[in-house]
Each structure stands twice: as structure tokens, then as C-alpha cells.
Amino acid sequence: MSLFEINVSVLYSTPKYELHDTYTYFDPVTEIITIDKKRLINSDNFGTDFGFGIEVYGNMRLFKQEFVKLITDIGFVQHESKYPLQADGFSYGVRMYSFHIGAGLQINPLGEKIKFYPSFIELLRFSELGGESYHKAGLDFFVVSPRFGYSTGINLNYRFNNKVGVSLGMFYNYDNLWNKATKEDTFSDPHVINLRDAKSLTNGLNVDRRFIYMTIQGGINIYFR
């Protein structure tokens with residue numbers, strides 16, 4: 001039974017809903033990328049196909065029993081799409097970034113005294129979201145913007161000994177549940193754009209753009225007693 005535990009996980013992510021790509025097109029003459037015929041600033045989705053990243057969790061026992069723990073995390077996830085453009089040998093697409101920190105609870109219904117045990121994790125998160133469309137280099141750049149959301153999931157853990165173990169988990173993440181913005185103001189540089197994720201009658205969005213993704217995570221548990 002550990003007093004404190006650190007988990008370091010790498011992840012593969014599948015974007016959902018408005019984070020996922022539908023149809024992305026690059027015009028080599030104007031060097032403009034469109035998603036369903038709309039530029040990234042007001043497209044109805046962010047135009048990504050897959051993601052990857054890293055999460056670091058730290059948890060601490062709240063009571064004498066190990067069934068409930070306080071957990072914190074810090075992580076980075078990059079979602080992107082990538083399409084080859086045979087005319088010049090470079091690819092084009094979209095990248096979206098999420099840097100986040102969170103805190104919540106870890107529930108271990110079977111405890112940690114057995115070798116193999118599940119853990120359920122619920123986190124509230126603060127995220128900094130940004131992104132860009134690109135061809136050779138960046139084309140349109142989102143201003144990094146703060147958002148609030150949550151992450152929920154399950155880890156299956158196997159403890160080799162009292163010091164180290166491994167984990168495999170699946171998580172559902174919603175990084176901009178709160179603090180979405182219509183952001184209709186513009187910049188003097190037309191390639192710098194605000195992160196619009198809340199629709200309005202005049203900002204070009206037909207729907208709220210949700211930053212939602214599923215992750216499969218594999219990691220190492222380090223136990224401190």
C-alpha cells in the first residue's frame with residue numbers, strides 16, 4: 001500500500017465530434033487550407049485525424065485505506081491531420097495542441113494490496129489550447145486560449161513489487177467544456193486568429209466546436225511508501 005504514487009503514460013488519441021476532420025483541402029495558388037470549404041477560423045470542425053501525447057499523474061492517499069486518493073496531472077496532447085501534396089513533396093494539414101493541468105480523485109475499488117487492480121480516475125482540468133494549419137510552415141495560427149474541462153477514465157494496473165508497476169488505460173477528455181468564446185475580433189496579421197469555439201449569429205460558426213478526444217494510455221507506476 002503506497003502513500004504516494006507517480007504514473008508516467010504515453011498516449012494515442014482519437015479526436016471526436018468537432019475535433020475530427022471531415023474534408024480538408026489545400027489551394028496551392030492562394031496557399032489557403034479550408035475544412036469543408038471554410039478556413040480554420042470558422043470551420044465547423046478543427047480538421048484533425050489522430051493525436052499523441054504524454055500524461056504525468058501524481059496521487060496521494062487521503063485516508064489510511066488506499067481506496068480513495070487525491071490525484072493531479074499535467075500533460076500535453078497534439079492532434080493533427082497530414083495529407084501528402086505530391087506537387088512539391090510537402091504535406092499539409094492542421095495541428096491542434098492542448099497543454100493541461102488537473103486535479104481530482106482516483107478510486108481503487110479493490111484496493112492496492114493485490115497484484116492486479118483497476119482504478120477509476122475523475123479530473124477537472126485547466127487547458128491552454130492552440131493550433132495551426134500548415135504547409136511547409138504554419139499558415140493560420142490560433143492564439144493560445146484558456147479553457148476548462150474534465151477527464152474521466154479507467155486504468156488497469158499490475159504491480160510487479162512494492163516499487164514499480166505498469167498501467168493500461170482508456171480516457172474520455174473534454175478540454176473546452178467551459179469558457180468557450182465567440183471571439184469575433186481580428187488582428188492586423190490575417191494569419192493570426194482567435195480561437196472561436198462558441199457559435200454566434202455573426203462569427204461564422206454553425207456549431208460550438210468541442211475539443212473532445214478518447215485516449216489509450218500505457219504507463220509506468222512508481223510507488224513511494
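Quick notes
- Screening the candidates F141, F171 for the property of being over 30 Å from G89 (Cα atoms), out of contact with any Lys or Arg (no Cβ under 9 Å at 6 or more places or on another chain) and not small (G, A, S) yields one hit, F171.
- Assessment of segment 103-115 against the conditions (surrounded by 16 or more Cβ atoms within 10 Å (Cβ to Cβ), in contact (Cβ under 8 Å) with a residue 60 or more places away in the chain and in a strand (DSSP E or B)) yields no matching residue.
- Every residue from segment 183-225 that is within 22 Å of H20 (Cβ to Cβ) and β-branched (V, I, T): I193, V207, I212, T215, I216
- Counted residues, segment 147-180 - those being free of Cβ contacts under 8 Å to residues at least 24 places away in the same chain and in contact with a Leu (Cβ under 9 Å, 6 or more places away or on another chain): 0
- Failed item in (1) under 27 Å from G153 (Cβ atoms); (2) in contact with a strand residue (DSSP E or B) (Cβ under 6 Å, 6 or more places away or on another chain); (3) surrounded by fewer than 21 Cβ atoms within 10 Å (Cβ to Cβ), with H20 passing the rest: (2)
- For segment 29-45, a residue qualifies if it is in contact (Cβ under 8 Å) with a residue 60 or more places away in the chain and within 15 Å of H191 (Cβ to Cβ), and the qualifying residues are E31, I32, I33, R39, L40, I41, N42.
- All of I33, I54 fail the test of being in a strand (DSSP E or B) and closer than 21 Å to V207 by Cα, apart from I33.
- Extreme residue, surrounded by the most Cβ atoms within 10 Å (Cβ to Cβ), among residues of segment 118-146 that are over 17 Å from I41 (Cα atoms) and in contact (Cβ under 8 Å) with a residue 60 or more places away in the chain: S127
- For segment 147-192, the set of residues classified as of a type in the set (V, I, T) and either under 20 Å from I41 (Cα atoms) or in a loop (DSSP other than H, G, I, E, B) (or both) consists of T182, T186, V192, listed by residue number.
- The single residue among I35, I54, I41, I6 that is aliphatic (A, V, I, L, M), closer than 23 Å to G104 by Cα, surrounded by 14 or more Cβ atoms within 10 Å (Cβ to Cβ) and at pLDDT below 95 turns out to be I6.
- Odd one out for E184, checked against (1) at pLDDT below 90; (2) touching an Asp or Glu at 6+ places or on another chain (Cβ under 6 Å): (2)
- When segment 17-32 is filtered for residues that are out of contact with any Lys or Arg (no Cβ under 8 Å at 6 or more places or on another chain), of a type outside the set (S, T, N, Q) and either more than 25 Å from T182 (Cβ to Cβ) or modelled with pLDDT of 85 or more (or both), the ones remaining, listed by number, are H20, F26, D27, P28, V29, E31.
- Screening V207 on (1) surrounded by 15 or more Cβ atoms within 10 Å (Cβ to Cβ); (2) modelled with pLDDT of 90 or more; (3) assigned to a loop (DSSP other than H, G, I, E, B) shows it passes everything except condition (1).
The values are calculated or read from the model by the stated rules, or taken from the named source; none is laboratory data. Predicted model, so just to flag it, every value in this text is computed and none were measured. No Cβ is skipped: glycine too gets one built from the backbone with ideal geometry, and neighbour counts run over all protein chains shown.
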